[in-house]
Amino acid sequence: MGPIFIGIYFVIAVLTILLFRSPKTKGALGEWRVQRGLGKNIPNEKYIIHDLLIATGDKSYQIDHVVIKRTGIFVIETKNFSGLIFGQEGQREWTQTLAYGQEKNRFYNPIFQNKHHIHGLREILGKSDGFISIVVFPKATLMTSFDSKVGSIADMQRWLMENRPEVFAAHEIKTIYERLMDHKKNPRLTNEQHLENIYKLQEKIENNVCPRCGKKLQLRTGRYGSFYGCIGYPSCRFIKKIKAT
């Protein structure tokens, strides 16, 4: 093998390593592993949609996976993080720890994130019940147990197969699937517009404006301390946690 071919081989190897180390590629691999774990559509029993972008008014939501069964609409958020994950059910931010504690990264509580996704689906579908939130970490080790469904791919599969009462008929889940697929095939906005909506949403929250109904967020005190709650409660239950200092 000549020096030119060695050089080309080296460049390809380096580019491959960099590609698979990029956050975007890692995220895609994690979602692919979850997709494989979800299986395929079974007519009148199970319908699956991946990477669904929906919009309601000036709000939009990017949802990793939706599984529609007679027992519910399962909304799945995938976090392809490695290392150790620390967090509490009601904390605004969780922590990812790498390299034996030498590197720590904070990220938005995915339970909260999935609540927003379910809120958007409720508006799109005109349904209030039957939604089940699942957060999946395909690679990381969870250092906390949760009341919510947060776990591994195996946990996700077990939760999907749990014996629970049927809330939808066969024709209903097909209709739900077709309505959501219409949003996937005919998106109401672009990815760039979705990112712009995220920035606007964050700006509203920072200015103590409820991102759901547009009313004021008011300082309140509850069982677990102070927080900002929407003055539209109980019709609107959005809350903003106060960051620890």
Ranked output for segments 103-112, 117-126 by mean other Cβ atoms within 10 Å, highest leading, reads 117-126, 103-112
With every protein chain kept in place and a 1.4 Å probe, region 59-188 has an accessible area per residue in Å² of 49
For Val209 and Glu178, extending 7 Å from Cα along the Cα-Cβ vector and measuring point to point gives, in nm, a value of 3.9
With the convex hull built on the alpha-carbon atoms of region 51-128, volume per residue in Å³ sits at 118
Contour minus Cα-Cα span, Lys139 to Asp58, at 0.36 nm per residue, comes to 25.7 nm
Using eta = 1.567 mPa s and T = 4 °C, Stokes-Einstein with Kirkwood Rh from Cα pairs puts D for region 25-91, in µm² s⁻¹, at 94
So the carbon and sulfur contribution to the accessible area of region 123-245, 1.4 Å probe, in percent, is 48
Per the rule of 0.36 nm per residue minus the C-alpha distance, extending Lys216 to Thr190 adds in nm 6.5 nm
Restricted to region 18-174, the DSSP antiparallel beta bridge percent, nearest 5, is 70
Site Asp147, offset 7 angstrom along Cα→Cβ, radius 16 Å on amide nitrogen, limited to region 87-120, gives 88-92, 111-112, 115
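If one computes P(r) from the Cα atoms of region 121-245, what percent of pairs lie at distances over 18 Å?
Distances greater than 18 Å cover 72 percent of the Cα pairs.
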Length gained if Glu93 through Trp32 is fully extended, taking 0.36 nm per residue and subtracting the Cα-Cα distance, is 19.4 nm
Mean 1/r over distinct Cα pairs of region 127-179, inverted to a Kirkwood Rh in Å, yields 13.2
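The values are calculated or read from the model by the stated rules, or taken from the named source; none is laboratory data. This structure is a prediction, so every number in the text was calculated from the model and none was measured. Glycine gets a Cβ as well: all are built from the backbone with ideal geometry, and neighbour counts include every protein chain shown. Just so you know, the surface numbers come from the protein's heavy atoms only, side chains and all, with ligands and any DNA or RNA stripped out. Shrake-Rupley method; radii C 1.70, N 1.55, O 1.52, S 1.80 Å.
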